[in-house]
Structure formats: C-alpha cells, structure tokens
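The values are calculated or read from the model by the stated rules, or taken from the named source; none is laboratory data. The structure presented is a predicted model; accordingly, all values stated were derived computationally and were not measured. Don't worry about glycine lacking a Cβ; one is built from the backbone with ideal geometry, like all the others, and counts go over all protein chains shown. SASA here: full protein model, heavy atoms, side chains in, ligands and nucleic acids out. Shrake-Rupley method; radii C 1.70, N 1.55, O 1.52, S 1.80 Å.
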Amino acid sequence: MPYLCFIPTRYKEGTYTHEPFHTQIDDGICLDYDDQYQILTYTVPNLEDCREITLYQISDKELTETLKVTYAQNGILQKITTRLNNRELFLYIHFTDSEHAKQELKNFAIQNADAIIAQIRTFTDVAARLFLEYFCDGDYYDFHAKIGTAAQKAEIEKEYPDNDDIVDNPGDYPMDYLYYGDNDAFHIFVACADDGMFRFFQYAVDLMAERIREQAVPLLQKTEDFKFICEEYD
C-alpha cells in the first residue's frame, strides 16, 4: 500500500488508532509503508530540515494493530507510538522546548545505557578493551559497545608485531561481543528534538558513554593494560 495513514499535527484531544486518518493532508505526518520490503518511512514535522525517518523490517500487521496517536487538550499532536516485537516504540514525540527535549533525551540515554550495561554484565571472559562506537549521518544512527578479550588482543599483537596502536582499533577485533541498545528509538528521539541549535546526538552519546564507563567497567575482569575507548566511526 502507498501509505498507512496521514496524521495531522492538530486534532481533537484524545488517543486514536490509525483508522480516522486516511484523508490526504499537506500539514502533518504521512506514514508511508512499503509492504514488499517492510519499510516504514515518514518525515518529522516542524523542523527546518524536515528529517526523514526510515525503519526496516516493520510488520504492517503489528503496526496497524498497535498504532496510537495522542493529542493534548490544546489539540497539538503529542506522540505517535506503536508496539513492535514486544517493545513500545515512539514514532514521534512532541517536545515543548529544548529543555524538555534534553530531559527526555537524558531519560532515554540512561535507559539505553542501562540496557547495554545489562548485556555487558553477562560477559565472563577477561577484557582487554571496552569500545563504545557511535555514528550518525542523519539517516542512520548507531551506538553500541564492543569488548575485545585478552586472547583476541594477543592474536592481533602476534599478527601485527610492529603496530602498537592497532590493538586500540575496534575494527581489528572480531564481532563476538557486540552489545546494542535501541538505535531506532535513539534516531527518533534525536530527530524529534534537534532544532539545529543544540547537538542532541552528541549530548546523548556523552551521557551514555559516561554511564557505561562508570557502571560497566567495574563489572569486568580486566587485563592490567585494559582501556576504555569511546570514538566516532565513519
């Protein structure tokens, strides 16, 4: 189907399913769904650069059955949520100002970091490196942790004996211990918050990195030369 629904930015107070919103409009959010490839695409409204969000492997059945559209008493669209793969996902959230956005993004960053910390807690080997890697190009957002073991580090040193710095490069370690949070939610929160005046992406990255450094590093059995490295990749 060419679209799922057209959601106006103003409507009567209440929470609705997708069913009332099938009249094409110019001012609002059009949820486009590609049923062949299970891709949901839409544009965040009221931003100077009109950020487009694309979500992959989205079940149209789950989407239509769980979509909720909520309007405040003043008629302003507050949020669009859905439930996919047993998790609630915000497709849109209205922030009243930058301070509101910062607070909500802080709450998300704490929850996302805690989800990654919980996964790191299951690691039982000896860690030589804990990497945090992040990336954003406007269309794709990524933040994840990666652990390099003592044995993996020794193999890298053996293979590249004349390159001391290579053991600090996450790309040279196998992908055996990768830990992700919710990158879709990260994308949506930042896209809805960003007004071009504040680097909300970096703000969230810094919050998550500091929380993981403080709470995850003490959980690990570590080598004497263990390092915690947080860096952007391209």
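Taking the criterion of being surrounded by 14 or more Cβ atoms within 10 Å (Cβ to Cβ) and hydroxyl-bearing (S, T, Y), the residues of segment 78-122 that qualify are T81, T82, Y92, S98.
Cβ-Cβ distances below 7 Å connect the following pairs, each with a first residue in segment 108-126 that is touching a residue at least 12 places away in the same chain (Cβ under 8 Å), a second residue that is in a loop (DSSP other than H, G, I, E, B) and surrounded by 20 or more Cβ atoms within 10 Å (Cβ to Cβ), and a separation of six or more residues or different chains: N112/G181; A115/G181; I116/G181; I117/A216; I120/A216; F123/Y177.
Taking T66 as the residue in question, decide whether it is in contact with a Lys or Arg (Cβ under 6 Å, 6 or more places away or on another chain) and free of Cβ contacts under 8 Å to residues at least 24 places away in the same chain. Taking the combined requirement at face value, the residue satisfies it.
Taking segment 1-27 as the range and being farther than 18 Å from T66 by Cα, surrounded by 12 or more Cβ atoms within 10 Å (Cβ to Cβ) and touching a residue at least 40 places away in the same chain (Cβ under 8 Å) as the test, the residues that pass are P8, T9, R10, Y11, E13.
Listed by position, the strands (runs of 3 or more DSSP E) contained in segment 54-95 that have at least 3 residues being in contact with an Asp or Glu (Cβ under 9 Å, 6 or more places away or on another chain) are 77-84, 87-93. Return the pairs, sorted by first residue and then second, in which the second residue is open to solvent by less than 20 Å² (accessible area, probe 1.4 Å) and assigned to a loop (DSSP other than H, G, I, E, B), the first residue lies in segment 176-187 and is farther than 18 Å from T122 by Cα, the beta carbons are less than 6 Å apart, and the residues are 6+ apart or on different chains. Close Cβ pairs (under 6 Å, with a partner that is open to solvent by less than 20 Å² (accessible area, probe 1.4 Å) and assigned to a loop (DSSP other than H, G, I, E, B)) do not exist here. Within segment 205-220, does at least one residue satisfy the condition of being modelled with pLDDT under 95, aliphatic (A, V, I, L, M) and within 27 Å of L89 (Cα to Cα)? For segment 205-220, residues modelled with pLDDT under 95, aliphatic (A, V, I, L, M) and within 27 Å of L89 (Cα to Cα): absent.
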